[in-house]
Amino acid sequence: MEWFKKNKKETEHVRETVKGLNDRSFQIPAKGVVMKVYLENFKNLNKSFGYDYCEALLAQITDYLNGVSGSRVFRYIGVEFMIVLEGAGEGAACDLAAKILERFESVWTVGESDCVCSAQIGICSCPTYAEDMASLLKNLDAAVAAAEECGPNQYAVFDSKLHGQALRRQAIARYLQTALEKKEIEVRYRPTYSLKSGRFTRADSYMRIFIQGIGLIGAGEFMPIAEDSGQIRAIGYYALEDAGRFIARLLKAQREFESICIPVSPILLIQEDFVDQVENVIARYEIPAGKLALELDDTALSSVYLNVNITMQQLADLGVELVLNHFGSGCAPVTGILDLPVNTVKLERMFVWELETNPASAAIAGGLIQIAKDLNIHIIAEGVETENQLNALNSYGCEYQQGFYYAPTMDKETLVKVLGHTLEESRITVEEEKRKMAR
């Protein structure tokens with residue numbers, strides 16, 4: 001950029017300043033508050049404006065944080081900053097956080113170019129909730145994550161509620177290994193109804209565990225914890241083995257079904273042995289092409305998981321059906337499936353939930369269903385709970401439907417009774433399962 005050519009000395013000063021601040025030597029105050037400031041859209045700024053611009057921007061932000069806080073600011077990792085407020089209370093920290101975020105609502109100017117940079121702030125009191133560096137960093141991460149859930153330029157305080165959530169996560173992480181060793185992870189299934197055949201022809205696996213003192217924990221809660229704790233491989237391959245064994249049982253019993261699907265963490269997709277593990281299960285249980293389906297979250301298509309398309313093609317070559325979740329959510333562009341071997345998509349369930357109340361949602365759902373049909377891709381609508389939703393989906397010709405209206409989750413023994421049968425033939429079994437859930 002021309003501005004940097006004219007200001008070479010200032011640019012070099014900026015680099016030295018930022019380099020000097022890349023420091024992890026800050027100490028936990030004996031009494032006080034630590035704030036973590038995270039710049040959440042900095043990668044996009046780097047792509048748009050370049051390295052030198054962002055270096056200058058970081059130095060400018062650092063100078064501002066130093067000035068407004070009156071405390072030393074530590075550049076911790078990448079675009080994370082730590083501010084140690086010795087002797088301060090949460091009230092003062094919150095006032096400071098609000099002031100900092102107000103500045104981030106305005107543009108930053110470097111040279112002759114303006115940009116908008118958003119931030120999230122986490123706040124943790126010491127020693128109330130952090131007596132060592134490990135707990136401090138975890139708690140600040142939890143507070144920043146809580147702030148992110150509220151939108152851009154927010155702050156959150158690590159308090160008794162977040163502390164309780166952290167303890168819950170720790171308890172679940174500790175129990176996961178025991179649950180695997182004792183085979184206490186329960187695998188249940190959601191049957192899927194085929195509009196074309198008028199029968200239950202597919203099913204998705206769903207895992208849950210019971211932890212004393214906590215209760216039943218679903219995969220939606222414990223899988224992210226397993227990813228963070230490094231236990232996702234063991235749990236993912238446990239689910240894969242269980243699915244292979246169950247498919248073999250269905251084939252031996254000559255049950256009519258299209259596929260059995262298991263959700264797969266994006267982290268598994270980048271494991272070197274993942275494709276080999278899938279191939280091994282297919283070979284050992286003699287699973288025909290199309291009977292094993294793997295459900296991928298659309299975030300797996302992001303740039304974070306490089307070469308995932310290669311893995312997907314290898315899986316497709318093995319005869320695995322690939323199912324993409326959250327179709328239409330916007331997390332991954334609809335065009336992203338054009339060059340991928342995706343066989344089936346799951347309609348973002350938000351559209352199903354709003355079919356009765358939001359005309360715009362109905363129009364979008366109908367459009368997405370038509371897109372899938374035009375691309376010759378199967379589409380499944382999840383979360384069908386009412387007859388009005390069913391009628392709307394039927395009017396759009398949604399091929400597969402799943403939800404409590406049709407059937408709740410069920411164990412393997414019950415699913416065997418339902419697969420390949422019509423709604424009427426399965427009515428007594430399904431109603432019994434619904435009664436069990438209501439108890």
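Residues E258, E279, E272, E241: which one is in contact (Cβ under 8 Å) with a residue 60 or more places away in the chain and open to solvent by 20 Å² or more (accessible area, probe 1.4 Å)? Outline the logic, then answer.
Working: E279 fails: in contact (Cβ under 8 Å) with a residue 60 or more places away in the chain; E272 fails: in contact (Cβ under 8 Å) with a residue 60 or more places away in the chain; E241 fails: in contact (Cβ under 8 Å) with a residue 60 or more places away in the chain.
The unique qualifying residue is E258.
Select from the stretch 37-55 the residues that are open to solvent by 10 Å² or more (accessible area, probe 1.4 Å) and within 27 Å of A98 (Cβ to Cβ) and list them in ascending order.
First pass over the stretch 37-55, keeping only residues open to solvent by 10 Å² or more (accessible area, probe 1.4 Å): 38, 40-52, 55.
Passing the criteria: Y38, E40, N41, F42, K43, N44, L45.
So, in the stretch 150-193, exactly how many residues are of a type outside the set (A, V, I, L, M) and either surrounded by 17 or more Cβ atoms within 10 Å (Cβ to Cβ) or over 30 Å from C261 (Cα atoms) (or both)? Steps first, answer last, please.
Here is the first cut: in the stretch 150-193, the residues of a type outside the set (A, V, I, L, M) are 150-155, 158-161, 163-165, 168-170, 174-175, 177-178, 181-184, 186, 188-193.
Remaining after also requiring either surrounded by 17 or more Cβ atoms within 10 Å (Cβ to Cβ) or over 30 Å from C261 (Cα atoms) (or both): 150-155, 158-161, 163-165, 169, 175, 188-193.
Total satisfying the criteria: 21.
How many residues does the stretch 346-382 hold that are closer than 18 Å to G198 by Cα and open to solvent by less than 60 Å² (accessible area, probe 1.4 Å)?
Within the stretch 346-382, the subset closer than 18 Å to G198 by Cα is 378-382.
Then keep just the ones that are open to solvent by less than 60 Å² (accessible area, probe 1.4 Å); that gives 379-382.
Selection size over the stretch 346-382: 4.
Are there any pairs with C-beta distances below 6 angstrom linking a residue in the stretch 353-378 that is closer than 21 Å to I337 by Cβ to a residue that is open to solvent by 30 Å² or more (accessible area, probe 1.4 Å) and part of a helix (DSSP H, G or I), with the two at least 6 apart or on different chains, and if so which?
Qualifying pairs under 6 Å: G366/Y396; I369/Y396.
How many residues does the stretch 395-439 contain that are in a loop (DSSP other than H, G, I, E, B), aromatic (F, W, Y) and touching a strand residue (DSSP E or B) at 6+ places or on another chain (Cβ under 8 Å)?
Applying the first criterion (in a loop (DSSP other than H, G, I, E, B)) to the stretch 395-439 yields 397-399, 402-409, 411, 419-422, 439.
The next check asks that each one be aromatic (F, W, Y); those that pass are 404-406.
Still in the list and also touching a strand residue (DSSP E or B) at 6+ places or on another chain (Cβ under 8 Å): 406.
Of the residues in that region, 1 qualify.
With respect to I61, determine if the residue is touching a Leu at 6+ places or on another chain (Cβ under 8 Å), farther than 18 Å from E148 by Cβ, open to solvent by less than 40 Å² (accessible area, probe 1.4 Å) and assigned to a helix (DSSP H, G or I). It would help to see each step written out before you state the result.
Numbers: touching a Leu at 6+ places or on another chain (Cβ under 8 Å): yes; farther than 18 Å from E148 by Cβ: yes; open to solvent by less than 40 Å² (accessible area, probe 1.4 Å): yes; assigned to a helix (DSSP H, G or I): yes.
Judged against the criteria, I61 is a match.
Test L296 against the criterion of being at pLDDT 95 or above and either open to solvent by 50 Å² or more (accessible area, probe 1.4 Å) or not polar (S, T, N, Q) (or both), and give yes or no. Spell out how you get there, then give the answer.
Numbers: at pLDDT 95 or above: no; either open to solvent by 50 Å² or more (accessible area, probe 1.4 Å) or not polar (S, T, N, Q) (or both): yes.
For L296, the condition - at pLDDT 95 or above and either open to solvent by 50 Å² or more (accessible area, probe 1.4 Å) or not polar (S, T, N, Q) (or both) - is not met.
Got a sec? Which of L176, L195, L167, L162 is more than 27 Å from L140 (Cα to Cα) and of a type outside the set (D, E, K, R)? Explain how you work it out, then say what you get.
Numbers: L176 fails: more than 27 Å from L140 (Cα to Cα); L167 fails: more than 27 Å from L140 (Cα to Cα); L162 fails: more than 27 Å from L140 (Cα to Cα).
Among L176, L195, L167, L162, only L195 is more than 27 Å from L140 (Cα to Cα) and of a type outside the set (D, E, K, R).
The values are calculated or read from the model by the stated rules, or taken from the named source; none is laboratory data. This structure is a prediction, so every number in the text was calculated from the model and none was measured. Glycine also receives a Cβ, built like all others from the backbone with ideal geometry; neighbour counts cover every protein chain displayed. SASA here: full protein model, heavy atoms, side chains in, ligands and nucleic acids out. Shrake-Rupley method; radii C 1.70, N 1.55, O 1.52, S 1.80 Å.
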